[in-house]
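Take a look at the structure set out below.
The values are calculated or read from the model by the stated rules, or taken from the named source; none is laboratory data. Treat the numbers as computed from the prediction; the structure is a model and nothing was measured. Cβ sites come from the backbone with ideal geometry, for glycine too, and all protein chains shown count toward neighbours.
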Amino acid sequence: MGKDALTKVYEPREAELRWYQHWLDHDFFRAADRSSKRPFSIVIPPPNVTGMLHMGHALNNVLQDIIVRYKRMQGYNALWMPGMDHAGIATQNVVEQELAKEGLTRHDLGREKFIERVWEWKARYGGVIIHQLKRLGCSCDWSRERFTMDEGLSRAVREVFVRLYNDGLIYQGDYIVNWCPRCRTAISDLEVEYSQREGHLWSIRYPFAGGEGGIVVATTRPETMLGDTAVAVNPNDDRYRELLGKEVILPLVNRRIPVIADDYVTMEFGSGAVKITPASDPNDFAMAERHNLPIVRIMDDNAVINKNGGAYEGQDRYECRRNVIRDLEAGGCLVGTEPYTHNIGQCYRCKTDIEPAVSRQWFVRIAPLAKEAIAAVVTGKTRIVPAVWEATYFEWMNNIRDWCISRQIWWGHRIPVWNCEGCGKVIVSSQDP
Ligand SMILES: [Zn+2]
Ligand SMILES: [Zn+2]
């Protein structure tokens, strides 16, 4: 066979590597900084630095590639801007697992040393996915590749934070968040994984303050009763009309709490009366805001009962659950136990059960931003393809919650806010003060 003879079968590896290198050598993916051609650009949704290519990436990146190549061939100055996400929680976890093999935690190293370790990890193992995107043939302008912890991007994050803050769109508040007691951080709704689990539904009687009898509530998390601040019924529920405004006594902690009416309560569930624990449940938290109920936190950041839990202080949440059930039973307040299958949220990184918890966090006020996002689609400035998804989009935008942007982790951008120890003044600035 001569040297130009074809191999018997097509060898994609050989052909693809050769052609990809040819494209790179000729700068075919390079967009011009200045050009008389019309501009067209796509910013890649940055894959995680810890990521590995899966079918989802293959699909959405091939679609981007088709569009940008099409525009390039049409004569646009086309740019497909690539980058990688520093993936705060995911990356921190990978490095923490490495440390665990050495018998260390991030707290042993301290913040600075730990962050050095993360950069070392990134240099050695990070960015496999970028190599995989190249093998896929993606026509990104690699000369412009960015990382979300780059200096320029970090400056941009601070600048945007300060602008939003000055526009009144960022605030700090108590809020119910998904809390991972293992990672010791708030995590977003998207980072919670749900799985069905066999549990129990316990019925507990709260005796009336002064007088015979009591009101029965049902719960899958009896330990949270230590933080109850009301019992709620539906305003149209005739069974409870007489009781509105009266008080019941919270067993085990002997605190008086009111019976209130709220539309959120469904008359058909259990007895039609529900316990309200604002610090441990998002719906209860919302109800507490409507009715101005006190919020009693009963757990610390490790999901261990704090001093508000009285005799249960120092107990882990599940240990506390067993003891609460035992004590309610002994006191004659446990009136029913039945098997119950329910969804439990877990941390997507470490699989620990999420504990909804009230904590001090930073938020972006979303309603004013959603209003403009809705207007953009209504006026046709932004088009959703296929159009049938418009309804879903409006549904999301109309029901969107404020966005919790703070995390209690070390690997990531820091909130550019300083509290002066001298005078208590709060400084929000894109430059270190
Ligand atoms: Zn976790
Ligand atoms: Zn000061």
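This table checks each residue for (1) more than 16 Å from ligand 2 (Cβ to nearest atom); (2) without any contact (Cβ under 8 Å) to a residue 12 or more places away in the chain; (3) loosely packed, with under 14 Cβ neighbours inside 10 Å.
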{"position": "Ile354", "(1), (2), (3)": "yes, no, no"}
{"position": "Pro368", "(1), (2), (3)": "yes, no, yes"}
{"position": "Ala391", "(1), (2), (3)": "yes, yes, yes"}
{"position": "Asn399", "(1), (2), (3)": "yes, yes, yes"}
{"position": "Arg414", "(1), (2), (3)": "yes, yes, yes"}
{"position": "Gly422", "(1), (2), (3)": "no, yes, yes"}
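So that you can scan it fast, the table gives a plain yes or no per residue for (1) touching a strand residue (DSSP E or B) at 6+ places or on another chain (Cβ under 9 Å); (2) under 16 Å from Thr50 (Cβ atoms); (3) modelled with pLDDT under 95:
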{"position": "Glu102", "(1), (2), (3)": "no, no, yes"}
{"position": "Asp108", "(1), (2), (3)": "no, no, yes"}
{"position": "Tyr125", "(1), (2), (3)": "no, yes, yes"}
{"position": "Leu136", "(1), (2), (3)": "no, no, yes"}
{"position": "Ser143", "(1), (2), (3)": "no, no, no"}
{"position": "Phe161", "(1), (2), (3)": "yes, no, no"}
{"position": "Leu164", "(1), (2), (3)": "yes, no, no"}
{"position": "Gln172", "(1), (2), (3)": "yes, no, yes"}
{"position": "Val177", "(1), (2), (3)": "yes, no, yes"}
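Looking at Arg407, Arg360, which is the one that is basic (Lys, Arg), farther than 24 Å from Arg197 by Cα and within 16 Å of ligand 1 (Cβ to nearest atom)?
Numbers: Arg360 fails: within 16 Å of ligand 1 (Cβ to nearest atom).
Arg407 is the lone residue from the list that is basic (Lys, Arg), farther than 24 Å from Arg197 by Cα and within 16 Å of ligand 1 (Cβ to nearest atom).
If the requirement is being closer than 26 Å to Ile409 by Cα and of a type in the set (Val, Ile, Thr), which of these qualifies: Val335, Val304?
After ruling out the rest, the residue left standing is Val304.
On the given criteria, is Gln74 of a type in the set (S, T, N, Q) and over 21 Å from Arg146 (Cβ atoms)?
Considered against the rule, which asks whether it is of a type in the set (S, T, N, Q) and over 21 Å from Arg146 (Cβ atoms), Gln74 comes out as yes.
If you scan the stretch 393-404, which residues turn out to be in contact with a strand residue (DSSP E or B) (Cβ under 6 Å, 6 or more places away or on another chain) and away from ligand 1 (no atom under 16 Å from the Cβ)?
Asp402, Trp403
Residues checked against (1) part of a loop (DSSP other than H, G, I, E, B); (2) away from ligand 1 (no atom under 16 Å from the Cβ); (3) hydroxyl-bearing (Ser, Thr, Tyr); (4) closer than 30 Å to Lys113 by Cβ:
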residue	(1), (2), (3), (4)
Ile344	no, no, no, no
Arg349	yes, no, no, yes
Ile384	yes, yes, no, no
Ala391	no, yes, no, no
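Would you confirm whether or not the stretch 63-75 contains a residue that is surrounded by 18 or more Cβ atoms within 10 Å (Cβ to Cβ) and in a loop (DSSP other than H, G, I, E, B)?
no
Please go through the stretch 274-325 and pick out each residue that is assigned to a loop (DSSP other than H, G, I, E, B), of a type in the set (D, E, K, R) and free of Cβ contacts under 8 Å to residues at least 40 places away in the same chain.
Asp300, Glu313
Looking at the structure I just gave you, is Arg30 within 23 Å of Ile129 (Cβ to Cβ) and in a loop (DSSP other than H, G, I, E, B)? First the steps, then the outcome.
Values: within 23 Å of Ile129 (Cβ to Cβ): yes; in a loop (DSSP other than H, G, I, E, B): yes.
Answer is yes for this residue.
Filter the stretch 396-433 for residues that are under 20 Å from the mean Cα position of the chain (by Cα) and not in a loop (DSSP other than H, G, I, E, B); which is nearest to Thr91 (Cα to Cα)?
Applying the filter and picking the extreme gives Cys404.
Report those helices (runs of 4 or more DSSP H) wholly inside the stretch 86-130 carrying at least 1 residues which are small (Gly, Ala, Ser), within 16 Å of ligand 1 (Cβ to nearest atom) and over 23 Å from the mean Cα position of the chain (by Cα).
Output list reads 88-101.
Would you confirm whether any residue within the stretch 164-178 is of a type in the set (Ser, Thr, Tyr), assigned to a loop (DSSP other than H, G, I, E, B) and either within 16 Å of ligand 1 (Cβ to nearest atom) or within 30 Å of Gly272 (Cβ to Cβ) (or both)?
No; the residues of the stretch 164-178 include none that is of a type in the set (Ser, Thr, Tyr), assigned to a loop (DSSP other than H, G, I, E, B) and either within 16 Å of ligand 1 (Cβ to nearest atom) or within 30 Å of Gly272 (Cβ to Cβ) (or both).
Give the number of residues within the stretch 234-270 that are surrounded by 13 or more Cβ atoms within 10 Å (Cβ to Cβ) and closer than 21 Å to Gly210 by Cβ.
Count: 18.
Check whether at least one residue in the stretch 418-433 is assigned by TED's automatic domain parsing to the domain that holds Thr219 and more than 16 Å from ligand 1 (Cβ to nearest atom), and report yes or no.
Among the residues of the stretch 418-433, not one is assigned by TED's automatic domain parsing to the domain that holds Thr219 and more than 16 Å from ligand 1 (Cβ to nearest atom), which makes the answer no.
Which residues, counting only those in the stretch 259-273, are assigned to a strand (DSSP E or B) and farther than 16 Å from Asn292 by Cα?
Within the stretch 259-273, just Ala273 meets the criteria.
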